[in-house]
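The values are calculated or read from the model by the stated rules, or taken from the named source; none is laboratory data. Quick caveat, the model's predicted, so the values are computed rather than measured. Please note: Cβ atoms are built from the backbone with ideal geometry, for glycine as well, and neighbour counts cover all protein chains shown. Only protein heavy atoms, including side chains, enter the accessible area calculation; ligands, DNA and RNA are left aside. Shrake-Rupley method; radii C 1.70, N 1.55, O 1.52, S 1.80 Å.
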Amino acid sequence: MGRNKFKAPKGTRDILPEEAKKREYIEEIAKEIFQLYNYQPIITPLFEKTELFIRGIGESTDIVQKEMYTFQDKKGRSLTLRPEGTASIVRAFLEHNFNQKPFPLKLFYIGPMYRFERPQAGRSREFWQIGAEAIGSIEPAIDAEIICLMIEYLTRLGLKDFTLLLNSMGCPKCRLSFIKVLEKYLHPFKGELCPDCVRRLSTNLLRIYDCKNKNCLKILRQGPIISHFLCEECLSHFKELQALLTQEGIHFQIEPFLARGLDYYTKTTFEVRSPYLGAQNAIGGGGRYDGLIEELGGDSTPGIGFAIGVERLLLHAEVEKIKIPQAAKPKVFIGLVERDLKREAFKILQDLRDASISAEMDFLGRSLKSQIRLADKLGVSFVLFIGPDEMEKGVVKVRDMESGLEEEIKKDNLIFSLKKKLSVKDGGNNES
Ligand code: HAM
């Protein structure tokens with residue numbers, strides 16, 4: 001048996017420190033913006049009762065039909081690893097009687113999702129989403145807020161080359177008349193549609209928009225357009241949203257065939273697409289779900305939200321050469337001149353850390369020469385030499401790794417002096 005017997009399961013991977021650090025950064029910026037818009041964090045379980053997703057996302061969606069990680073627990077209950085966050089948020093909203101809180105209730109989440117899809121660039125089985133949901137308002141202004149929030153976030157990260165697509169799926173009322181017309185239009189093409197779409201004809205017609213088959217798409221694109229069937233209320237909602245986005249200088253493109261892959265959408269749907277991600281070009285998307293809370297057993301309550309795929313965001317950011325701050329390096333290395341002084345060295349190490357100076361030392365009994373080599377690799381600014389002569393004099397020898405200059409500093413004065421030196425190196429911006 002080879003040494004690498006175990007590999008991460010297909011469609012999953014380890015996020016190694018360099019990427020983990022990038023993710024930390026994009027999460028930090030997300031949290032700053034969520035705070036600015038008054039969205040509060042929520043963490044829900046990684047798995048839920050299967051029924052929640054079937055009811056929430058829709059029986060005939062690709063997610064429910066093909067992509068769920070469903071398993072039975074030891075008591076025979078059917079559970080599913082969450083394929084998305086919205087159904088869980090609504091479940092939590094209902095479970096904790098959040099309808100008692102002032103509306104709109106604004107929540108955000110960051111975490112892994114699971115879909116059994118064929119892995120390819122930008123598509124994996126475990127992926128992360130950064131998402132937000134605003135529950136309880138029917139106003140187009142909240143649609144505008146959610147979209148502004150998403151766009152501001154991407155812009156703040158430095159992204160430029162993306163397109164915001166916008167559509168309205170109408171409400172169940174106006175959708176009904178559209179479905180009738182679409183059905184009539186598609187009927188003569190039945191023989192030309194792919195088997196999935198033929199199934200969709202009799203199960204859930206609108207899911208036909210999820211099809212990637214070129215021929216089906218061509219037929220669809222020559223057919224009726226949902227926005228032509230919007231009722232007065234849906235149309236004025238859509239128009240007001242567009243006016244608000246225009247007022248905020250948000251560029252968008254109306255995409256009449258943007259249905260998105262989940263059944264719960266009503267009225268507004270939107271998606272941010274990247275020109276760099278090939279087939280998996282949606283960096284994120286979302287929309288309104290005015291019927292979902294009722295569908296899951298609550299009072300009729302509107303909601304809207306979005307989710308951004310973290311991996312796709314990072315892939316895109318890389319093409320746009322977005323600068324993401326590097327992992328912080330330790331600033332100081334303790335060079336142990338004599339092994340007997342290990343205890344003293346460890347004390348100084350911890351004293352530095354207590355003073356918020358990131359510091360490192362050798363834990364492998366390296367020679368002084370290899371310790372310096374290690375310090376160099378770590379990119380520290382200063383090495384402190386702890387040797388018998390220095391100990392006797394009550395000083396520490398400090399080497400500036402950039403200039404190579406060395407000086408002796410009294411132990412009592414070490415922290416103060418190092419902080420000063422580091423602050424000079426950081427251009428006076430960073431005291432630690
Ligand atoms: P979604 O469009 O299914 O929407 O997923 C949102 C984003 O998650 C996608 O645009 C994509 O970036 C990422 N994503 C989805 N599947 C994968 C995958 N297999 N691998 C990598 N990334 C993926 C939702 O999930 C809705 N819950 C969004 C929402 C929130 N609507 C209202 N509120």
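Give me the residue from region 151-181 that is assigned to a helix (DSSP H, G or I) and hydroxyl-bearing (Ser, Thr, Tyr) and, out of that set, farthest from the chain's Cα centre (by Cα).
Ser177
Do we have Leu292 as within 11 Å of the ligand (Cβ to nearest atom), closer than 19 Å to Phe229 by Cα, open to solvent by less than 10 Å² (accessible area, probe 1.4 Å) and in contact (Cβ under 8 Å) with a residue 40 or more places away in the chain here?
Working: within 11 Å of the ligand (Cβ to nearest atom): yes; closer than 19 Å to Phe229 by Cα: no; open to solvent by less than 10 Å² (accessible area, probe 1.4 Å): yes; in contact (Cβ under 8 Å) with a residue 40 or more places away in the chain: yes.
Criteria not met by Leu292.
Okay, residues lined up against (1) in a helix (DSSP H, G or I); (2) surrounded by fewer than 23 Cβ atoms within 10 Å (Cβ to Cβ):
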residue: Phe93; (1), (2): yes, no
residue: Phe108; (1), (2): no, no
residue: Gly111; (1), (2): no, yes
residue: Trp128; (1), (2): no, yes
residue: Glu133; (1), (2): no, no
residue: Ser137; (1), (2): no, yes
residue: Leu149; (1), (2): yes, yes
Test: residue in region 182-193 that is in a helix (DSSP H, G or I) and within 31 Å of the chain's Cα centre (by Cα): no
For region 62-80, give me each residue that is in contact with a strand residue (DSSP E or B) (Cβ under 8 Å, 6 or more places away or on another chain), within 27 Å of Arg123 (Cα to Cα) and either open to solvent by 40 Å² or more (accessible area, probe 1.4 Å) or without any contact (Cβ under 8 Å) to a residue 12 or more places away in the chain (or both). Tyr69, Thr70, Phe71, Gln72, Ser78
Among the listed residues Phe238, Phe162, identify the single one that is assigned by TED's automatic domain parsing to the domain that holds Ser274, within 17 Å of Tyr289 (Cα to Cα) and touching a Ser or Thr at 6+ places or on another chain (Cβ under 6 Å). Phe238
Subset of region 336-355 that is touching a strand residue (DSSP E or B) at 6+ places or on another chain (Cβ under 7 Å) and of a type outside the set (A, V, I, L, M, F, W, C) - its residue that is least open to solvent (accessible area, probe 1.4 Å): Glu344
Only residues in region 230-247 that are in contact (Cβ under 8 Å) with a residue 60 or more places away in the chain count as the first member; pair them with residues that are charged (D, E, K, R) and surrounded by 15 or more Cβ atoms within 10 Å (Cβ to Cβ), Cβ under 6 angstrom, at least 6 apart or cross-chain, and list the lot. Cys234/Lys267; His237/Lys267; Leu241/Asp143
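Condition first: outside any strand (DSSP E or B) and under 17 Å from Gly261 (Cβ atoms). Now tell me which residues in region 70-87 satisfy that.
Here is the first cut: in region 70-87, the ones outside any strand (DSSP E or B) are 73-77, 82-87.
Correct list: Arg82, Pro83, Glu84, Gly85, Thr86, Ala87.
If only one of Phe47, Phe98 is open to solvent by less than 70 Å² (accessible area, probe 1.4 Å) and either away from the ligand (no atom under 14 Å from the Cβ) or over 30 Å from Ala141 (Cβ atoms) (or both), which one is it? So that I can check it myself, show each step before the final result.
Details: Phe47 fails: open to solvent by less than 70 Å² (accessible area, probe 1.4 Å).
None of the other options fit; the residue is Phe98.
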Looking only at region 10-44, filter to residues that are closer than 30 Å to Phe71 by Cα and away from the ligand (no atom under 14 Å from the Cβ); which one of those is least open to solvent (accessible area, probe 1.4 Å)? Ala20
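Results for (1) farther than 29 Å from Glu295 by Cβ; (2) among the polar types (S, T, N, Q); (3) out of contact with any Phe, Trp or Tyr (no Cβ under 6 Å at 6 or more places or on another chain), shown as yes or no for each residue.
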site	(1), (2), (3)
Asn4	yes, yes, yes
Ile15	yes, no, yes
Ile33	yes, no, no
Glu51	no, no, yes
Glu59	no, no, yes
Single residue of Gln350, Gln326 found to be part of a loop (DSSP other than H, G, I, E, B) and not assigned by TED's automatic domain parsing to the domain that holds Phe98: Gln326
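Anything in region 61-118 that is more than 24 Å from the chain's Cα centre (by Cα), hydrophobic (A, V, I, L, M, F, W, C) and within 22 Å of Tyr37 (Cβ to Cβ)? List them, or say none. Even if it seems obvious, please write down each step before you answer.
First pass over region 61-118, keeping only residues more than 24 Å from the chain's Cα centre (by Cα): 65, 71-78, 94-103.
From what's left, hydrophobic (A, V, I, L, M, F, W, C): 71, 94, 98, 103.
Once the filter is applied, which keeps residues that are more than 24 Å from the chain's Cα centre (by Cα), hydrophobic (A, V, I, L, M, F, W, C) and within 22 Å of Tyr37 (Cβ to Cβ), region 61-118 yields Phe98, Phe103.
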Candidate set from region 160-171 (those that are open to solvent by less than 20 Å² (accessible area, probe 1.4 Å) and within 13 Å of the ligand (Cβ to nearest atom)); member that is nearest to Tyr37 (Cα to Cα): Leu164
For Ser236, all conditions in the list (1) out of contact with any Lys or Arg (no Cβ under 8 Å at 6 or more places or on another chain); (2) surrounded by 18 or more Cβ atoms within 10 Å (Cβ to Cβ); (3) part of a helix (DSSP H, G or I) hold save one; what is the number of the exception? (2)
Take region 308-335 and flag every residue that is surrounded by fewer than 23 Cβ atoms within 10 Å (Cβ to Cβ) and aliphatic (A, V, I, L, M). Leu314, Leu315, Ala317, Val319, Ile322, Ile324, Ala327, Ala328
Of the residues Ile63, Ile54, only one is more than 12 Å from the ligand (Cβ to nearest atom), in contact with a helix residue (DSSP H, G or I) (Cβ under 9 Å, 6 or more places away or on another chain), under 23 Å from Gly287 (Cβ atoms) and not in a strand (DSSP E or B); which? Ile54
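Within region 134-172, which residues are among the polar types (S, T, N, Q) and closer than 22 Å to Tyr109 by Cβ? Can you show your working first?
Within region 134-172, the first condition is being among the polar types (S, T, N, Q), and the residues that meet it are 137, 155, 163, 167-168.
Correct list: Ser137, Thr155.
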Condition test on Glu344, is it in the same structural domain as Ile146 (by TED's automatic domain parsing) and in a helix (DSSP H, G or I)? no
